[in-house]
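Peer 1: Here it is, the structure, as structure tokens.
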Amino acid sequence: DHVINSRETDLAEDVAELSGGRGVDVSIDCVGNAGTDGAPGTLEQCVASIHGGGTAVAVGIMHIANTATIDVLGLLTEKTITGSWAGSISPHKDLPYWVDMYAAGRLDIGALVDRTGALDEVETMLNELDQGLVTKAVIRY
């Protein structure tokens, strides 16, 4: 098992080294940071770390102004770039299943929440979400 901190090193280079130059099958960008000062953003690093035929997935909500520069030649090797919005669920099928799992005690919803607050804390909670301090917040009123 390996952890790569892409703030400190080049993700694609490290992945190439760990995979014998091949790259990975799937790379998932859950951060959505734009590149700065000519450095690649997290989606660009994600795409650069997959091999031809691999899939890069952008998860969640990235800032609306974010853009990414993608190596077009890499796309000719049949790399796939896709996104996932709200887990790409099918609500009519998935929600009843999750409710049944929760009712049976097999789904710990509380473990998914990392911040709760009152209605008068909404502005603070939204700022915390925007700053990346929390990922899932629940308002109690």
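Peer 1: Return the residue satisfying two criteria in turn: it lies in region 15-51 and is open to solvent by 40 Å² or more (accessible area, probe 1.4 Å) and among the charged types (D, E, K, R), and of such residues it is modelled with the lowest pLDDT.
Peer 2: Per the criteria, the residue is Asp37.
Peer 1: Do we find that Gly83 is farther than 16 Å from Ala12 by Cα and either in a strand (DSSP E or B) or touching a Leu at 6+ places or on another chain (Cβ under 9 Å) (or both) in this structure?
Peer 2: Working: farther than 16 Å from Ala12 by Cα: yes; either in a strand (DSSP E or B) or touching a Leu at 6+ places or on another chain (Cβ under 9 Å) (or both): yes.
Judged against the criteria, Gly83 is a match.
Peer 1: Something else now. So, Gly54, is that one surrounded by fewer than 15 Cβ atoms within 10 Å (Cβ to Cβ) and at pLDDT 85 or above or not? Let's see the steps before the verdict.
Peer 2: Details: surrounded by fewer than 15 Cβ atoms within 10 Å (Cβ to Cβ): no; at pLDDT 85 or above: yes.
For Gly54, the condition - surrounded by fewer than 15 Cβ atoms within 10 Å (Cβ to Cβ) and at pLDDT 85 or above - is not met.
This table checks each residue for (1) under 15 Å from the mean Cα position of the chain (by Cα); (2) closer than 27 Å to Leu133 by Cα; (3) part of a loop (DSSP other than H, G, I, E, B).
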position: Asp1; (1), (2), (3): no, yes, yes
position: Ile28; (1), (2), (3): yes, yes, no
position: Gly87; (1), (2), (3): yes, yes, no
position: His92; (1), (2), (3): no, no, no
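Peer 1: From the list Thr55, Thr42, Thr80, Thr67, pick out the single residue that is closer than 26 Å to Val134 by Cβ, in contact (Cβ under 8 Å) with a residue 12 or more places away in the chain and in contact with a strand residue (DSSP E or B) (Cβ under 6 Å, 6 or more places away or on another chain). Write out each step before concluding.
Peer 2: Working: Thr55 fails: closer than 26 Å to Val134 by Cβ; Thr80 fails: closer than 26 Å to Val134 by Cβ; Thr67 fails: in contact with a strand residue (DSSP E or B) (Cβ under 6 Å, 6 or more places away or on another chain).
Step by step, each of Thr55, Thr42, Thr80, Thr67 is checked, and only Thr42 is closer than 26 Å to Val134 by Cβ, in contact (Cβ under 8 Å) with a residue 12 or more places away in the chain and in contact with a strand residue (DSSP E or B) (Cβ under 6 Å, 6 or more places away or on another chain).
Peer 1: Additional query: Look through region 118-137, keep the residues that are open to solvent by less than 60 Å² (accessible area, probe 1.4 Å), hydrophobic (A, V, I, L, M, F, W, C) and under 17 Å from Gly60 (Cα atoms), and return whichever of them is nearest to the chain's Cα centre (by Cα).
Peer 2: Ranking the qualifying residues of region 118-137, first place goes to Val134.
Peer 1: I'm checking my understanding of the structure. Among residues of region 101-117 that are part of a loop (DSSP other than H, G, I, E, B) and open to solvent by 90 Å² or more (accessible area, probe 1.4 Å), which one is farthest from Glu128 (Cα to Cα)? Break it down into steps so the answer makes sense when it comes.
Peer 2: Quick first cut of region 101-117, residues part of a loop (DSSP other than H, G, I, E, B) only: 104-108, 113-114.
In the following step, the residues that additionally are open to solvent by 90 Å² or more (accessible area, probe 1.4 Å) were identified as 106, 108.
Values: Arg106: 30, Asp108: 23 Å.
Checking each candidate, the answer is Arg106.
The values are calculated or read from the model by the stated rules, or taken from the named source; none is laboratory data. This one's a predicted model, so the numbers in the text were calculated from it and none came from an experiment. With ideal geometry, Cβ positions are generated from the backbone for all residues, glycine too; neighbour counts draw on all protein chains shown. Side chains included, ligands, DNA and RNA excluded: accessible areas come from the protein's heavy atoms. Shrake-Rupley method; radii C 1.70, N 1.55, O 1.52, S 1.80 Å.
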